[in-house]
Each structure stands twice: as structure tokens, then as C-alpha cells.
Amino acid sequence: MIGVVAYLIVLAGIKLVVIARGVPIYLGSPESFAFVVMAPLVSTFTYFLAVFTFGLDGDLAARQSMFPARRFTLPVTTTALAGWPMLYGSAAIILLWLATRTLALWPSGIAVPSIWPALLAASLLAWTQALTWMPYPLPGLRIIVTVLWLGTIDTTALIALHFNARESFMLGILAPQIPLAYIVARFAIARARCGEVPDWRGAFASLTRTGLPAPEGGRFRSPASAQAWFEWRRYGRSLPAWVAILLPFELVLLWAAGDSRSLVFTILIAVLLTPPFIAMFAAAAVSTSSPDAGDSYGITPFVATRPLTTAELVGAKLKMAIRSTVVAWLLILISIPIALDLSGTLALVLDRWHGVRLFMGMPRAVVLLLVALAGCIALTWTQLVQSLYIGLTGRASLIKASVFLVLGFFFVFGPFFEWISDSGRLGELWSALPLILAVLAAAKMTAAVWIGVRLYQKRLVSDRTLVTGAAVWCVTVFTLYGVLVWLLDTPHIPHYLLMLIAILTIPLVRLSAAPVALAWNRHR
Amino acid sequence: MTQVSAPVIDVTKLTRRFDSRTALDAVTLSIPRGAVYGLVGANGAGKTTLIKHILGLLRAQSGSVRVFGLDPVADPVGVLSRIGYLSEENDLPGWMRVDELIRYSRAFHPAWDDEYAEELGQSFALEPGAKIKTLSKGQKARVGILIALAYRPDLLVLDEPSSGLDPIVRRDILGAIIRTIAHEGRTVLFSSHLLEEVEQVADHVTMINKGKIVLSAPLAEIREAHTVGGRVPSLDEIFIARVGMSAAAASES
């Protein structure tokens, strides 16, 4: 709320300055229109989503309903529990649209629709409420179901718009959404009110149990290995389980692809991007210090009082992420050749591989393949662990602010890139790229030094670990640089640019900051 | 000449504020080795805040905390590996089975005594294959006591362990404290607002009210000092008298 209000105040201030100076405002350009109308509208809508779903205090990745449990004891019917927040939310969203439509300066020549955007926004809110209040059988399922279903509604509306559908048609699609969402929400709250939380974790546990450390009948080698097992059991199985669930649905499309080379490669790319994509969602749970606790962001005394250093607690999470990534990728690497062979599409892939080999030469083609594969695997692991430095702080305000910042970045990035592209400044951007990368690399190294000093001063890691970590990072950067120089042997790309890319690619600051974040949480 | 051993817990002028509220106000406390300390106070008096400082879960804003001569924030391994801890919250991971929790906890403590753990498990009638989340509150408390005691910690810290539990479980917890005392040199810090329990086991009582220590002395001395006309008052009566005096003094100032 503070963020939205601050944004609106800053925006109002800018508008006042612009008006006071008598500078004309051209809303014809997408950038200024986005800045003046769409960004405040979208950020207020996002805030309404969070407020009316009670999502600001809940854990999205948890299986339990996000509806506040204390309200279950109110002497009101389940119908009222589901109905009133939905009614208030829908009313607020519809009023937001009507106010925007009436008061905002719209570019001339645009026929601004009257009702359906309000209904679309209200439908999205109602479904978000229903799906976040629903108890789920698996951790993280809420995020995936919600993203897919909201994406479906949004895509349907966009397709209808693309074909210039009439307002009456849009109303026909969107009007039933709110009552449907209400029925689902009522069902969800009725289940949650009775404490019904389905649990399928046991069924999927067997998928990922084999070959992984378990204490059955034996002793752990060390406290650190016990904690790694704890983390694996708590968070590690989500990613492989989700990949195992999605993989058959993706690979079965190979049978439908037939001889279409582009379709086969599109499916393969989708399969290869599945682990990093799922890891983005799984990371929300991994970063959470304690999903069992009332304060899901703080660390539980049980974990905080383990006789382990803070670095060992973080190390257990990193090891868990490595295991999780390896298992997920084993599933991918085993199933792809089998599916290609059985679907009869292997020949297409081998043919393309033959072409690449002829074009680049065998060694470069093999190295390129391995680098691409290693990149995908590393990206999966990075997705799992890169937000630890925020999540492990245990500060709800910081975590929510970081989500808001990331969303804000995406809101700004699109129009900014479009502006660069439309104004013919892509060449300038390309020329400035080395400078931009150099500034980013310098910022990264400065932050790394600051984190290193904090780690040293607070004795969060041993001197040996600090030196070894720095050495490993340097070796990895130089290895990647060497591979890039060898692969991209062209005078058009200067070597220092490749070095900057290598520096920026290999994770350092966010990983190093994780022990500092956890120490801040553990010793408040 | 008798050699005086260093205190197990040494808290000096510890002050802690949460925003504008002072949770601990220049608290000084020294607990010698082998003592059974009862920490008593009303809800919100600062008992849990003090215990969290001893465990290193809170960093001293001013003053110092030393446990076994170590700073629990700077050296969590050195301190926590010698402490058995059971809290009122009892936040044991619900997804673990009892036997998994025992195996997991054993990994952190080389001195873990399997026979003792087995004995405790049997006396508490714990089902090894049961998931923690399916256990009753009393059974969870018993599991918590088992993993806090099975490595015979040098210091046992119990933060309102019997709050909301039935008399049988409370008896088990008191029994566990007595077992710990039976091992020479082990120290117990027992926080509770159930004063009759503290009376049964503590040999030293520290009363805390609104973040300040209002009384800290051996139990026998406290009773003797408050005896009026040959009648020995209960700890409840002493506590009410002390806290009442403290509240009156605060309102006067």
C-alpha cells in the first residue's frame, strides 16, 4: 500500500511540475500513456488483488488455504465468508475502472470500452480469490494453477480482441466468470473451514526418493549432512516432482509434431526450459525460512537452534538445490532421447545436429551443446537459490517490496525497450553496451567486496571458505571466458566484452549475501 | 580455598527494545553451574525475550550475554551444541516421523545416548513411526523433551514447557528436569508462570516483571524473607506481592 501511494504521489508531483511549467503532454505515445494512465491503474489493480485475496499475509506456496483462519470462527455462513470479500473486491475494481475511464486523458481516436475491462478485471480478481483460498494437495500447486488459469482468461480476452469482438460478445464471455469463481471460492472456504487439506506428497515422494540420502536405519555422516537431508525432505522434491508431472504432457506432443522440424524443436526447447521455469516458482518455498511457522517469513526456533553455523544452514539449502536440479535434469535427459526415439522424431533432430556439426565443426558443436546444456542446468539451480538473500532475511516488508520492485521492473522494461526500438536508438544502445556491462560488473564487484567484508567481520564463514569461494568463482569466470573466446572467435566481439559477460553470468553477490541475510534473521 | 567455577549463564545489563516498548531493562543475571533456576513472571514480562537472548535468537542491543563463557550470537555452534531446549511453541517439523526426528537430532550431538533415548521413548509411550503432526500436544511435548534430553546437555532451557498441557505431561516434564538435576553439574533454566511447578524443582527463583528483575534469590531465602507470623507464603503469594509492589512503584514514578 505504501509503495502504491508513494508511486501515485510521485506521479502526481511530476504531473504538477509538468502542468506548472506549461509543458504539453502528448498521450499519443505508448510510453507517456503507459506512464500516466496504465502504470497507476495496473499497480492499484495489483494492490487490490493482494488486499482482497488476503494474499499480503499468506504463503502462496503453501498447501493450506490463504483465507485467514481466524475468520473461520466468525458466526457467519460460508456463503458470507466467500461472498463479501468477493463483492467488495469486485465493486472496488469496477469503480477503479469507471474512475479511470471517466477521469483519465485517453488518446483521441480510441473508443474506450465501457464495461468489459471492468468485468475482465473483476473476473481476474474473483478467480484469484477462489484459487488462493483453495487448499491444494501439493506445495506450489496454487501458483501454477493460478498462473495458468488467469493466463487462460487473459489470453481468451486478447484473442477475442484480436478478432475485433463486440462488447456484447466480451460481456458474454466474462459475465459468467464471477459467479463461477464465487462457486469455487465457496467450495474452497467450506473445505478449508473443516480443515480439509488434501495431501498427495506421499505419492510423489516415491518418484524422487531413490538414490538420495535418507537416514533409514543409519546415522548421518555429519550435522551438515543431516541438515541437507532436512532441506531435501522439506523443499528438494518439489522441482523434480513437478518436472515429472509436466514432462509426459510436453513430450507426448512429439507424436503430434510429425515431420514438422520447427514444431519438434519448439517442443524440445519448451521441455528444456521447463526446469528453470518451475524452479522460479519452487524458489518461493525454498526462500521461505519456515513454512510451518505462524510467521511464514521468520525462522522457526527449531531451525534457528540447530547447532550449526549460519553458513552451514545456507550450505544445506544450496546442496538441496543442487540435488533437486540434478534429479530434475536426469529426468529430462533420460526421457528426451526415449521420447524422440519412440515418436520417430529422432531422425529430424540428428539431421539438424549433422547440419550444425558441418557448419561449426565437431568440437565447437559439441562444446556449444554442452555449454547450452550446462547453462540450462545452471539456470535452474540459480533460479532456486538466487532469491535466498531476500527470503532468508525473514522480513516480510523486504520480501514484498522486492516482489513489487521486480513487477515494477517488468512494467517499465517493456515500454522502455519499445521506446528505444521505436526511436531508432538500438544502435546507440549497442554502442553503449560495453559501458553498461562495465558499470554493472563494477557494481557487482563492489557489492561482492562489501558482502565479503561483512562475512569476514561477522565471522559468518571461515577465512578458508572465503578464499576458496573467491578462487572457485575466479576459476569459473576464467573458464567461461575461455570457452566464450574459443566459441565466438570473431573480431566483431571484443574479448573484454566476453570477460564482462563472464563476470556478470557467474553468480556471486546474491549467493554470498545469503549467510548475511540468514544471520540477520537468526540473531534479530 | 574453594574454586568458584564460571557461571553457565552470565547476562550483564541486557536491554532490549521492540520499537518504543522496553522488553528487557538492564537485566543482570548469573546462573552458576549445577543450579536449577526458575524464571517466573506474568505473560509478556520478558521471560521468553531473555531466553531468546541466551539462545542467540536475539542480539543484545546493549549489555552482554555469555553462555559457557561464549557469545551465543558469535558462536552458535559452541553454545547450542550444549543446550537442550524446549519451547512452549514446540515447533517440531510436523512432516517428520518420530524416529526420523530422533535420527536427525542425533546427528548434531556426538554425546547422544541411544539407550537413554530408547528409555525415554518407552516411558513416554512414543510411536516411532508416527508423524509429528499427528501427535497430540502432550505427545509433541514428550518428543520435544526426548530430543532435548537424550544427549544429556550441560544446560537445559525450558520456556513455558508445560503451558496448556495436562497434568500427566506436566509430571513427565518435571520428571525430566529432576532426571537432569540428578546428573551432577547440569544446569536448568525453567521459565513458567505456573509457580507451583517452579516451587517443586527450582532452588533459585528469579522474578521478572515488565522487563526488570524484581527479585532473584534462593527459594529458601525468599520464603524465609516473606514469612509473616510463622506462616510461609506460597510462591504465588510472594509473586503477587512483589509484582503488585513493582506496579505501584511504577505508577508512583
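The values are calculated or read from the model by the stated rules, or taken from the named source; none is laboratory data. Predicted, not measured: the structure shown is a model, and the values here were computed from it. Note that we place each Cβ from the backbone using ideal geometry, even for glycine, and neighbour counts take in every protein chain shown.
Assorted remarks:
- Hits in the range A:489-524 - residues which are among the hydrophobic types (A, V, I, L, M, F, W, C), closer than 16 Å to A:Leu437 by Cβ and assigned to a helix (DSSP H, G or I): A:Leu497, A:Leu498, A:Met499, A:Leu500, A:Ile501, A:Ala502, A:Ile503, A:Leu504, A:Val509
- Residues in the range B:116-143 that are in contact with a strand residue (DSSP E or B) (Cβ under 8 Å, 6 or more places away or on another chain), more than 14 Å from B:Gly175 (Cα to Cα) and assigned to a helix (DSSP H, G or I): B:Ile132 only.
- Being in a helix (DSSP H, G or I) and away from chain B (no Cβ under 14 Å) is a property that A:Tyr456 lacks.
- Top-ranked residue in the range B:15-25 [being within 14 Å of another protein chain (Cβ to nearest Cβ) and touching a strand residue (DSSP E or B) at 6+ places or on another chain (Cβ under 8 Å); ranked as surrounded by the most Cβ atoms within 10 Å (Cβ to Cβ)]: B:Leu24
- Counting the residues of the range A:498-520 that are farther than 14 Å from A:Ala448 by Cβ, within 14 Å of another protein chain (Cβ to nearest Cβ) and buried (at least 21 other Cβ atoms within 10 Å of the Cβ) gives 2.
- Some residue of the range A:400-418 being over 30 Å from A:Gly315 (Cβ atoms), free of Cβ contacts under 8 Å to residues at least 60 places away in the same chain and of a type in the set (D, E, K, R): no
- Criterion violated by A:Val112 - all others in (1) within 28 Å of A:Ala282 (Cα to Cα); (2) at pLDDT 70 or above; (3) not in a helix (DSSP H, G or I) satisfied: (1)
- Qualifying residue in the range A:61-68 (condition: free of Cβ contacts under 8 Å to residues at least 24 places away in the same chain and closer than 30 Å to A:Leu398 by Cβ): yes
- The condition (being modelled with pLDDT of 85 or more, part of a loop (DSSP other than H, G, I, E, B) and over 24 Å from the mean Cα position of the chain (by Cα)) is satisfied by just one residue among A:Arg186, A:Arg221: A:Arg221.
- Within the range A:313-350, the set of residues being charged (D, E, K, R) and without any contact (Cβ under 8 Å) to a residue 40 or more places away in the chain comprises just one member, A:Asp341.
- Meets criteria (part of a loop (DSSP other than H, G, I, E, B), closer than 22 Å to B:Arg16 by Cβ and either away from chain A (no Cβ under 14 Å) or not charged (D, E, K, R) (or both)) for B:Leu39: no
- Residue-level check: of (1) more than 10 Å from every other protein chain (Cβ to nearest Cβ); (2) assigned to a loop (DSSP other than H, G, I, E, B), B:Val65 misses just (2).
- Checked across the range B:166-179, the condition of being among the β-branched types (Val, Ile, Thr) and surrounded by fewer than 19 Cβ atoms within 10 Å (Cβ to Cβ) holds for at least one residue.
- Condition met for B:Thr49 (farther than 18 Å from B:Leu70 by Cβ and assigned to a helix (DSSP H, G or I)): yes
- Flag for A:Leu346 being surrounded by fewer than 21 Cβ atoms within 10 Å (Cβ to Cβ), in contact with a Pro (Cβ under 9 Å, 6 or more places away or on another chain) and of a type in the set (A, V, I, L, M): yes
- Answer residue from the range B:78-94, given it is more than 16 Å from the chain's Cα centre (by Cα) and either surrounded by fewer than 17 Cβ atoms within 10 Å (Cβ to Cβ) or more than 7 Å from every other protein chain (Cβ to nearest Cβ) (or both) and is farthest from A:Leu460 (Cα to Cα) among those: B:Gly94
- Qualifying residue in the range A:140-163 (condition: loosely packed, with under 12 Cβ neighbours inside 10 Å and in a loop (DSSP other than H, G, I, E, B)): yes
- Residue count for the range B:68-77, restricted to those that are free of Cβ contacts under 8 Å to residues at least 24 places away in the same chain and more than 7 Å from every other protein chain (Cβ to nearest Cβ): 4
- Any hit, the range B:12-27, residues being in contact with a Pro (Cβ under 9 Å, 6 or more places away or on another chain), touching a residue at least 12 places away in the same chain (Cβ under 8 Å) and either part of a loop (DSSP other than H, G, I, E, B) or aliphatic (A, V, I, L, M) (or both): no
- B:Thr28 vs. criteria surrounded by 15 or more Cβ atoms within 10 Å (Cβ to Cβ) and of a type in the set (S, T, N, Q): no
- The listed residues are A:Val477, A:Val412, A:Val467, and the only one of them that is under 23 Å from A:Val509 (Cα atoms), surrounded by fewer than 15 Cβ atoms within 10 Å (Cβ to Cβ) and aliphatic (A, V, I, L, M) turns out to be A:Val467.
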